[in-house]
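Engineer: Below you will find the structure I want to go over with you.
The values are calculated or read from the model by the stated rules, or taken from the named source; none is laboratory data. All of these numbers come straight from a predicted model, not from anything done at the bench. All Cβ positions, glycine included, derive from the backbone under ideal geometry; neighbour counts span all protein chains shown.
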């Protein structure tokens, strides 16, 4: 059994790295698990526990779906938090609405559902996770940071592949191993 998901990688550029550095610096005294910036991705479908005998078929299915889609141009803008300021759990970078990405996610969900993977019921909110908050002593510092960057253009990224990953949970953070890479080669 492998823990798997499907995602697109995002290579952080200087502005994103600088904003992330500012968050880390200003929140350095808090219990926060910071994401490795070089492993940033947008999860399209989280499959979870996956029987190894299904993996070859899933690779083919994902490849067939992805090959119909063009290269993605994703615009990252703003920062925010999941849950709320009274109980912040995740700090994230936002993504401007992208219909092609949304359609890709729906198509992947439909293609893998026959293999026993039920699509999530909650709304798809594509984002880049910056950190997971365990405990924060001064919410006002976080609030000020969010307000400073909530409308900031962060970066434009071009994505030419979708990756089917295995996620191995380790004490120092998850390790992501690519099981298969599929090229976005369709026409717009």
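Engineer: In segment 72-89, how many are over 19 Å from residue 9 (Cα atoms), in contact (Cβ under 8 Å) with a residue 40 or more places away in the chain and surrounded by 15 or more Cβ atoms within 10 Å (Cβ to Cβ)?
Structural biologist: 3
Engineer: While we're looking at this one, here's another question. All but one of (1) under 29 Å from residue 107 (Cα atoms); (2) over 19 Å from the mean Cα position of the chain (by Cα); (3) part of a strand (DSSP E or B) hold for residue 180; which doesn't?
Structural biologist: Single failed check for residue 180: (2).
Engineer: Give the number of residues within segment 125-142 that are outside any loop (DSSP other than H, G, I, E, B) and free of Cβ contacts under 8 Å to residues at least 24 places away in the same chain.
Structural biologist: In the first step, residues of segment 125-142 are kept if they are outside any loop (DSSP other than H, G, I, E, B); the result is 127-135, 139-142.
Then drop every residue that is not free of Cβ contacts under 8 Å to residues at least 24 places away in the same chain, which leaves 140.
Residues that pass the stated criteria total 1.
Engineer: Residue 140 passes all but one of (1) surrounded by 14 or more Cβ atoms within 10 Å (Cβ to Cβ); (2) over 16 Å from the mean Cα position of the chain (by Cα); (3) over 28 Å from residue 59 (Cβ atoms); which number fails?
Structural biologist: (1)
Engineer: Right, next: Just to be sure I understand, how many residues within segment 126-159 are closer than 19 Å to residue 102 by Cβ and touching a helix residue (DSSP H, G or I) at 6+ places or on another chain (Cβ under 7 Å)?
Structural biologist: Total meeting the criteria: 1.
Engineer: Taking the criterion of being on the phi > 0 side of the Ramachandran plot, without any contact (Cβ under 8 Å) to a residue 60 or more places away in the chain and out of contact with any helix residue (DSSP H, G or I) (no Cβ under 9 Å at 6 or more places or on another chain), would at least one residue in segment 96-107 satisfy it? Don't jump to the end; show me each part of the working.
Structural biologist: We begin by selecting, within segment 96-107, every residue on the phi > 0 side of the Ramachandran plot; these are none.
Taking every residue of segment 96-107 in turn, none turns out to be on the phi > 0 side of the Ramachandran plot, without any contact (Cβ under 8 Å) to a residue 60 or more places away in the chain and out of contact with any helix residue (DSSP H, G or I) (no Cβ under 9 Å at 6 or more places or on another chain).
Engineer: Next up: Quick one: in segment 143-172, of everything that is surrounded by 12 or more Cβ atoms within 10 Å (Cβ to Cβ) and part of a loop (DSSP other than H, G, I, E, B), which residue is nearest to the chain's Cα centre (by Cα)?
Structural biologist: That would be 160.
Engineer: So is residue 162 under 21 Å from residue 5 (Cα atoms), in contact with a helix residue (DSSP H, G or I) (Cβ under 9 Å, 6 or more places away or on another chain) and at pLDDT 95 or above or not?
Structural biologist: Working: under 21 Å from residue 5 (Cα atoms): yes; in contact with a helix residue (DSSP H, G or I) (Cβ under 9 Å, 6 or more places away or on another chain): yes; at pLDDT 95 or above: yes.
It is true that residue 162 is under 21 Å from residue 5 (Cα atoms), in contact with a helix residue (DSSP H, G or I) (Cβ under 9 Å, 6 or more places away or on another chain) and at pLDDT 95 or above.
Engineer: Still on this structure, please answer the following. Restricting attention to segment 74-124, and to residues there that are assigned to a loop (DSSP other than H, G, I, E, B) and under 20 Å from residue 137 (Cα atoms), which single residue is farthest from the chain's Cα centre (by Cα)? Lay out the reasoning, then the answer.
Structural biologist: Of segment 74-124, the ones assigned to a loop (DSSP other than H, G, I, E, B) are 85-86, 96-98, 116-124.
With the extra rule that they be under 20 Å from residue 137 (Cα atoms), the set shrinks to 85-86.
Values: 85: 21, 86: 24 Å.
Of everything passing the filter in segment 74-124, 86 is farthest from the chain's Cα centre (by Cα).
Engineer: Considering only residues that are within 23 Å of residue 72 (Cα to Cα) and in contact (Cβ under 8 Å) with a residue 40 or more places away in the chain, which ones fall in segment 167-185?
Structural biologist: Filtering segment 167-185 for residues within 23 Å of residue 72 (Cα to Cα) gives 176-185.
Residues satisfying the conditions are 176, 179, 180, 182, 183, 184, 185.
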